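Take a look at the structure below.
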Amino acid sequence: MPSVSEPATLEEAAAVLAAAESVSIERDGGEVRLSTARLNSVLEYEPGDLTAIVEAGIRLSELQERLAPHGQMLALDPPGDPTIGACLAADLSGPRRHRYGAMRDLVIGVTVVLPGGLVASSGGKVVKNVAGYDLGKLFSGSRGRLGLVARVALRLHPRPAAEATVVAEDDAREVWRTLSSSQLEPSAVDVLPGRVAVLFEGPRAAVAAQVAACPGEPADPWVWEESAAAQSQAAARVPFEWQECLVARPGPGHAYVAAAASRLWPPLAERVRATFDPESILV
């Protein structure tokens, strides 16, 4: 039975990775299961700069609550309520990926703890920053196999003044062609069984004009709850295929499908892992 370690500081996390022979992060597998549950603070928040530095264990919902009084948000909406560290380790995203990108696109700096206990940081506190190697993107989708994501500096966005949903029960490919060739600027486009959901956000007048010009009919926003449920139930994210998609992201070119699909660990990723963790401490 693995022991569970819940470090409360960066130094404690480094000590765990320095001492243990095998560690698994937020899952079973190593002799020590390392949890970020107590690394859950907002360390810095600058509303004027639209940036925040948070610890990896803070839940997305809690962070959004902290940002809401200032009319701001982290423009990320994956299903469930993951931690910020999990969002980066799995490069999570949701419907708003169409406009704002995935987690990797919202990270401007990161502090990680490598196997052996070495602490490394890159990036900074502002959006326009080119200091050091981009560890944020390197650790994006790393699944906890390169090291522990301990702190993340995030790019924030203003909360939109208005939002509205349109649902079109037409051929998904035709709807997408219409949207992509128009002046419309949706925040999200999701392909669901039998229909396409489109989300518009922004000033009220602009949202109303785009809804009027979009194929389909205005709809209740509950459709995005259906989208989140479909993602949660889907087995994996795979390269986009129209004929078998359950939930699709036409822009990034991925679909969430009901059939089982394995996520392979590419040879390049394995070479990076071997460089960061030559003793295979992380499992």
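What you get for region 1-143, charging only the Cβ of Lys and Arg (+1) and of Asp and Glu (-1), is a dipole of about 500 debye around the Cα centre. Averaged over its residues, region 176-215 has an accessible area of 45 Å² per residue, based on protein heavy atoms and a 1.4 Å probe.
Volume per residue of the convex hull around the Cα atoms, evaluated for region 104-233, comes out as 152 Å³. Taking a span of 24 Å or more along the helix axis (Cα atoms) and a mean Kyte-Doolittle hydropathy of at least 0.0 as the rule, no DSSP H helix of the chain qualifies. Farthest toward the positive end of the dipole of the chain, out of Pro193, Leu179, Gly136, is the Cα of Gly136, where the dipole comes from beta carbon charges about the Cα centre. Only Cα pairs under 8 Å and 6+ residues apart enter the sum, and on that basis the relative contact order of region 77-191 stands at 30 percent.
Each principal axis of region 64-165 carries a Cα extent, and these read 48, 27, 23 Å when sorted largest first. Secondary-structure-derived ellipticity at 222 nm for the chain, considering helices only, amounts to -7000 deg cm²/dmol, per-run term -39500 (n - 2.57) for DSSP H runs with n ≥ 4. Positive-end ranking of Ser3, Phe276, Val166 along the dipole of the chain, with charges on Cβ about the Cα centre, is headed by Phe276.
Counting heavy atoms of the protein chains alone, Thr275 has an accessible area of about 110 Å² for a 1.4 Å probe. Assuming a ≥ b ≥ c are the square roots of the Cα gyration tensor eigenvalues, decide whether region 1-149 counts as rounded (a/c under 1.5), prolate (otherwise, with a/b larger than b/c) or oblate. The shape class here is prolate. Going 7 Å from the Cα of Ser121 toward and past its Cβ, which residues in region 35-52 have a backbone nitrogen under 17 Å from where you end up? So the set is 40-46, 51-52.
Shape of region 1-46 from the C-alpha gyration tensor: prolate (a/c of 1.5 or more and a/b above b/c, with a ≥ b ≥ c the square roots of its eigenvalues). Among 88-101, 152-165, sorting by the average number of other beta carbon atoms lying within 10 angstrom of each residue, highest first, gives 88-101, 152-165. Calculate, for Ser3 and Ala68, the FRET efficiency according to 1/(1 + (r/R0)^6) with r their C-beta to C-beta distance and R0 30 Å; round to the nearest 0.05. The formula returns an efficiency of 0.20 here. With the simple spin-label model, which puts each label point 7 Å out from Cα in the Cβ direction, the Glu12 to Ser280 separation comes to 3.1 nm.
Here the relative contact order of region 11-125, from alpha carbon pairs under 8 Å that lie six or more residues apart, stands at 23 percent. Dipole magnitude for the chain: computed about the Cα centre from +1 point charges on Lys and Arg Cβ and -1 point charges on Asp and Glu Cβ, it is near 600 debye.
For the chain, dividing the convex hull volume of the Cα atoms by the residue count gives 139 Å³ per residue.
The values are calculated or read from the model by the stated rules, or taken from the named source; none is laboratory data. All figures in this text were calculated on a predicted structure; none of them were measured in a lab. Methodologically, a virtual Cβ is constructed for each residue, glycine included, from the backbone with ideal geometry; neighbour enumeration extends over all protein chains shown. Accessible surface is based on the protein model in full, side chains and every heavy atom, while ligands, DNA and RNA are left aside. Shrake-Rupley method; radii C 1.70, N 1.55, O 1.52, S 1.80 Å.
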